[in-house]
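The values are calculated or read from the model by the stated rules, or taken from the named source; none is laboratory data. Please read all numbers here as calculations on a predicted model, not as lab measurements. Cβ placement follows ideal geometry from the backbone for every residue including glycine, while neighbour counts extend to all protein chains displayed.
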Amino acid sequence: MAASQKKVVVRRTDGRVAWGYLPQSGLLHQDQVALMGVDGRVNTIAFREIQMISYVRDFNLDDPLDPERLGRRSFAGRPRGEGLWVRLGFQDDSLLEGLMPLDLRFLETVLEDQGVFLTPPDGRSNVLQVFVPRRSLRSLEVLGWVTAPSKRAAAQAREAGQPARRKAKRESAMADQPGLFEGSQD
């Protein structure tokens, strides 16, 4: 098995579940997904039959009803990670919130009209990441753009023409220090 193959649980629109290995990107070939099962056989699943692909830590083969063990499906408050905070509405009226990174993989899936990758709300759950095909979505609502507080402060300081806080603190601390090496400047 290649190092790029990750553990997944594939949930179909009819409720059936399949376990196996898929690559992190480039998983669609001729409107089908080639899933390498836990038994080593390659099974093809039609892309239109897939509701969600969950990249997981463990398979949980003994739990056919909820092998993903997703945990929370929405954030209790503002997400701690960075990215586009979204709420997905599925065709079966279930909801899932998550963070979508704005990176090359996001652009690839949008351009190819496949679906979206997102990080689920519960970072301690079994699910590391989720891929949701566009066909299984009823709605996609953008709830906000989340950035780290340090990046927000640095961006605001740049806009105001002030040095970043860390640099300003370092410079003021250096000014208070006695000059051990009078001729050197950092």
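Where in the stretch 97-186 are there helices (runs of 4 or more DSSP H), lying fully within it, with 3 or more residues that are modelled with pLDDT under 75 and under 19 Å from the mean Cα position of the chain (by Cα)?
Numbers: elements: 104-111, 149-160, 165-176.
Passing ranges, in order: 104-111.
Considering only residues that are among the charged types (D, E, K, R), surrounded by fewer than 17 Cβ atoms within 10 Å (Cβ to Cβ) and under 22 Å from the mean Cα position of the chain (by Cα), which ones fall in the stretch 7-29?
R12
Of all residues in the stretch 60-90, count the ones that are among the hydrophobic types (A, V, I, L, M, F, W, C), surrounded by 16 or more Cβ atoms within 10 Å (Cβ to Cβ) and either in contact with a Phe, Trp or Tyr (Cβ under 8 Å, 6 or more places away or on another chain) or not in a loop (DSSP other than H, G, I, E, B) (or both).
Residues that pass the stated criteria total 6.
Name the residues in the stretch 1-36 that are farther than 18 Å from R69 by Cα and not hydrophobic (A, V, I, L, M, F, W, C), would you? Break it down stepwise before answering.
Let us first name the residues in the stretch 1-36 that are farther than 18 Å from R69 by Cα, namely 1-5, 14, 22-36.
Matches in the stretch 1-36: S4, Q5, D14, P23, Q24, S25, G26, H29, Q30, D31, Q32.
Residues to consider are V9, V17; find the one that is among the β-branched types (V, I, T) and in contact with a Lys or Arg (Cβ under 7 Å, 6 or more places away or on another chain).
Among V9, V17, only V17 is among the β-branched types (V, I, T) and in contact with a Lys or Arg (Cβ under 7 Å, 6 or more places away or on another chain).
Working only within the stretch 23-39, note down all residues that are more than 14 Å from I50 (Cβ to Cβ) and in a loop (DSSP other than H, G, I, E, B).
Q24, S25, G26, Q30, V38, D39
Yes or no, residue by residue, for (1) within 23 Å of G20 (Cα to Cα); (2) at pLDDT 90 or above; (3) under 13 Å from the mean Cα position of the chain (by Cα); (4) of a type in the set (A, V, I, L, M, F, W, C):
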{"position": "E49", "(1), (2), (3), (4)": "yes, yes, no, no"}
{"position": "I53", "(1), (2), (3), (4)": "yes, yes, yes, yes"}
{"position": "D66", "(1), (2), (3), (4)": "yes, no, no, no"}
{"position": "G71", "(1), (2), (3), (4)": "yes, no, no, no"}
{"position": "R80", "(1), (2), (3), (4)": "no, no, yes, no"}
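So, of the residues in the stretch 30-47 that are over 15 Å from K7 (Cα atoms) and more than 22 Å from the chain's Cα centre (by Cα), which turns out to be modelled with the lowest pLDDT?
Q30
Just checking, does the stretch 2-9 include any residue being more than 15 Å from S136 (Cα to Cα), touching a Gly at 6+ places or on another chain (Cβ under 8 Å), in a strand (DSSP E or B) and of a type in the set (S, T, N, Q)?
No, that holds for no residue.
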